[in-house]
Amino acid sequence: MAGDSSISRGAVSHERMVKVELPYGAKGHQDIELDRERFLGVIRPLEVEVHDEAQVIDASLDDPCGGKDIASFLKGGKDIVFIVNDGTRPTPTAKVLDALSARFDLTKVRYLVATGTHRAPTEEELRFIFGGHLDELRDRIHAHDSKRDRCVPLGVSKNGTEMEVNEMAVRADRLVIITSVEPHYFAGYTGGRKSFLPGVASYRSVEQNHRLAMRPEAKVLALKGNPVHEDMVDALTAVKGLNVFSVQVVMDRYHRVYRVASGDLFMAFEQAVDWANEVFVVDVEERADVVITVAPYPMDVDLYQSQKAIENAKLAVRDGGVVILVSKCREGIGGEAFYHQLAASRDPKRIMENLKMEYKLGHHKAAKLAELMDRAELYAVTGLSCEAQERINITPFRSAQEALDHALATRPGGKVLVMLDGSVTVPRLV
């Protein structure tokens with residue numbers, strides 16, 4: 001096992017037994033213990049060297065990838081809009097705003113929260129996003145509403161998506177996108193162009209774009225030939241004369257700022273992707289019989305978001321194995337459309353056939369889960385009711401230890417891999 005898989009990190013060894021503490025919710029944890037002979041290791045985003053975060057951000061803003069520095073870019077702007085990520089992303093927006101506040105009066109800007117089709121941020125999430133700037137900026141913040149906001153039609157993408165994007169972003173004479181870049185299970189990577197579509201797009205556009213996620217080319221780490229990514233690029237390039245400055249942060253495993261690529265959106269994105277691979281792609285030498293995957297806070301908001309941790313675990317589990325999801329699912333299921341599709345049959349193949357007939361937003365997640373269920377079992381330790389989980393072919397357990405014991409009891413000699421940050425850890429078989 002390459003990378004950060006040694007039991008000296010993320011696990012404690014006591015002679016024959018290994019103990020691992022799994023994050024659960026904002027401050028809690030679940031503990032598991034198993035025989036070290038059955039333990040393949042812990043993987044999570046890799047250790048990288050980080051420097052002073054403020055200095056890293058400042059250096060990027062002053063020396064961007066193509067184009068003007070941020071001060072020159074903003075000069076003369078009369079309608080400046082910043083697009084920022086919502087509270088389900090760990091993007092350190094507040095730290096970027098700290099750096100920008102030394103260069104520009106933040107109260108001269110309007111802020112558009114890229115919710116996609118998510119709900120508006122809670123007060124706690126707004127505080128996380130804007131930090132100490134929230135109170136002075138509150139009346140300048142608008143959370144994108146994909147169903148109600150006025151969106152400008154930008155034409156049809158080459159993949160057939162009707163591209164409609166929030167008027168506030170399209171009409172701005174200066175647009176600054178603050179985001180973070182890590183692998184994404186069907187867009188290839190988050191960041192850059194994703195803040196525009198689906199970040200501030202109409203519900204219809206997001207639904208049509210996400211339907212493309214059911215194609216085999218739409219997968220983690222893939223950009224070339226990925227139709228979801230292509231849509232996002234088409235939406236940005238469709239707006240003639242759009243002035244965009246991006247700040248694209250790559251974080252380390254502890255959510256500290258590792259690298260920042262600023263400036264031209266596409267040039268900065270390409271650079272950030274290379275840095276993201278240094279952190280989030282972890283080589284593994286063999287597939288495991290049991291993969292425990294954690295969706296840590298804030299990615300544990302609901303089952304819909306936690307699915308990303310399951311999808312990455314799919315890359316590391318053997319056929320006939322078990323994936324154990326550990327996620328608080330603080331706000332329940334989320335994405336009712338995907339839940340109802342999964343509840344329609346006990347047969348994963350039937351679910352996948354049903355999904356080919358009609359698409360609604362969320363069905364792509366159902367398809368991805370059904371793909372896993374067709375070749376492995378899915379257990380879960382969550383805050384959801386047992387009944388809700390059983391209806392969609394997930395076996396619920398009260399604790400991670402109970403789930404692990406059950407999985408190993410039916411797989412003599414089975415090997416276990418733990419993914420402590422499954423939402424953004426991408427196992428790569430070598």
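Rule-based calculations on the coordinates, nothing more; no lab input. Predicted model, so just to flag it, every value in this text is computed and none were measured. Positions of Cβ are backbone-derived with ideal geometry, glycine not excepted, and every protein chain shown enters the neighbour counts.
Check every DSSP H run in the chain and write down those whose alpha carbon atoms cover 18 angstrom or more along the long axis and whose mean Kyte-Doolittle hydropathy is 0.5 or greater. Length and hydropathy pass: 265-280. Do the sum for the chain: with -39,500 (n - 2.57) for every DSSP H run of n ≥ 4, divided by all residues, what is the mean residue ellipticity at 222 nm, to the nearest 500 deg cm²/dmol? Rounded to the nearest 500, the figure is -8500 deg cm²/dmol. Placing +1 on the Cβ of every Lys and Arg and -1 on the Cβ of every Asp and Glu, with nothing else charged, gives the chain a dipole about its Cα centre of roughly 920 debye. In the chain the longest region clear of GluC sites (Glu not before Pro) that are loop-assigned by DSSP and have at most 13 other C-beta atoms within 10 Å covers 50-284. Find out how many positive minus negative residues lie around residue 72, taking Lys and Arg as positive, Asp and Glu as negative, among other residues whose Cβ is under 13 Å from that of residue 72. It works out to a net charge of +1.
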